[in-house]
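Structure, as structure tokens:
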Amino acid sequence: MCARCARCTGRTRRGVLFLLMLAAEARVPMKGTARAAGHDLYAKQGTDVPARGQAIVGTGIAIGLPHNTYGPIAPRSTLAVKLRLLTNAGVRDSDYRGEVKVVLANLGDQPYRVENGDRMAQLILKQIENRELQEVTQVDDTERGDQGFGSSNTTLDQRVEGQKAKREAEINEILATVFGQF
């Protein structure tokens, strides 16, 4: 491949991503169904993922993503639910041309062995808007303001607690009507 061809620059034909096989053990990422969001990524070698630890697993492939896209590496739901295996630090920028690697995090109490050819994660292609940052002296004020972690659930939590209290009062009123005041 040369420095000017579409494959090397990441330009693609509509609906096509260019893939470079870097290792004989590598497998072409596949979608589970025609409408699946992600392409399954396969391990190119066996790797042990320690209990409550993580490991980097190579895929043996490089992908040329189109400009104004990126490829988040997402967990496979079966591995996440059944084995507590998730992905960490998984973003493929459109200008990255190296091997796609997956950081597998094992939240379980038992070590897990990824074997050569195992589906271990999925690559999803997403559009992005590349915008410039402009420094300002202040940002717009919003209802949330500077309330950070957990703050967006506060209203929901209060609403749920209020509904529980209302439901308990209604039940007590019904019981009082049927059985008299207690």
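The values are calculated or read from the model by the stated rules, or taken from the named source; none is laboratory data. Note that the coordinates shown come from a computational prediction; the quantities given were computed from them, not determined experimentally. Neighbour counts run over all protein chains shown; Cβ positions are idealised from the backbone, glycine included.
Quick one: in segment 87-102, of everything that is among the hydrophobic types (A, V, I, L, M, F, W, C) and at pLDDT below 95, which residue is farthest from Ala37 (Cα to Cα)?
Ala89
Working only within segment 30-49, note down all residues that are within 17 Å of Leu104 (Cα to Cα) and in a loop (DSSP other than H, G, I, E, B).
Ala43, Lys44, Gln45, Gly46
So which pairs qualify, if the first residue must be in segment 120-135 and in contact (Cβ under 8 Å) with a residue 40 or more places away in the chain, the second must be basic (Lys, Arg) and part of a loop (DSSP other than H, G, I, E, B), the Cβ gap must be under 8 Å, and the two must be at least 6 apart or on different chains?
Within 8 Å, the pairs are Met120/Arg76; Ala121/Arg76; Gln122/Arg76.
Please go through segment 50-93 and pick out each residue that is within 22 Å of Asp109 (Cα to Cα) and small (Gly, Ala, Ser).
Result: Ala51, Gly53, Ala55, Ala74, Ser77, Ala80, Ala89.
Just checking, does segment 122-144 include any residue being in the same structural domain as Pro29 (by TED's automatic domain parsing), touching a helix residue (DSSP H, G or I) at 6+ places or on another chain (Cβ under 7 Å), surrounded by 15 or more Cβ atoms within 10 Å (Cβ to Cβ) and not in a helix (DSSP H, G or I)?
no
Restricting attention to segment 26-48, does a residue exist that is surrounded by 12 or more Cβ atoms within 10 Å (Cβ to Cβ), within 19 Å of the chain's Cα centre (by Cα) and of a type in the set (Val, Ile, Thr)?
Within segment 26-48, none of the residues are surrounded by 12 or more Cβ atoms within 10 Å (Cβ to Cβ), within 19 Å of the chain's Cα centre (by Cα) and of a type in the set (Val, Ile, Thr).
With a cut-off of at least 1 residues that are without any contact (Cβ under 8 Å) to a residue 60 or more places away in the chain and loosely packed, with under 13 Cβ neighbours inside 10 Å, name the strands (runs of 3 or more DSSP E) lying wholly within segment 50-116.
By residue number, 54-58, 85-88, 91-93.
Residue check, Ala105 against (1) under 22 Å from Phe18 (Cα atoms); (2) of a type outside the set (Phe, Trp, Tyr); (3) modelled with pLDDT of 95 or more, all met but one. Which one?
So Ala105 meets the others, but not (1).
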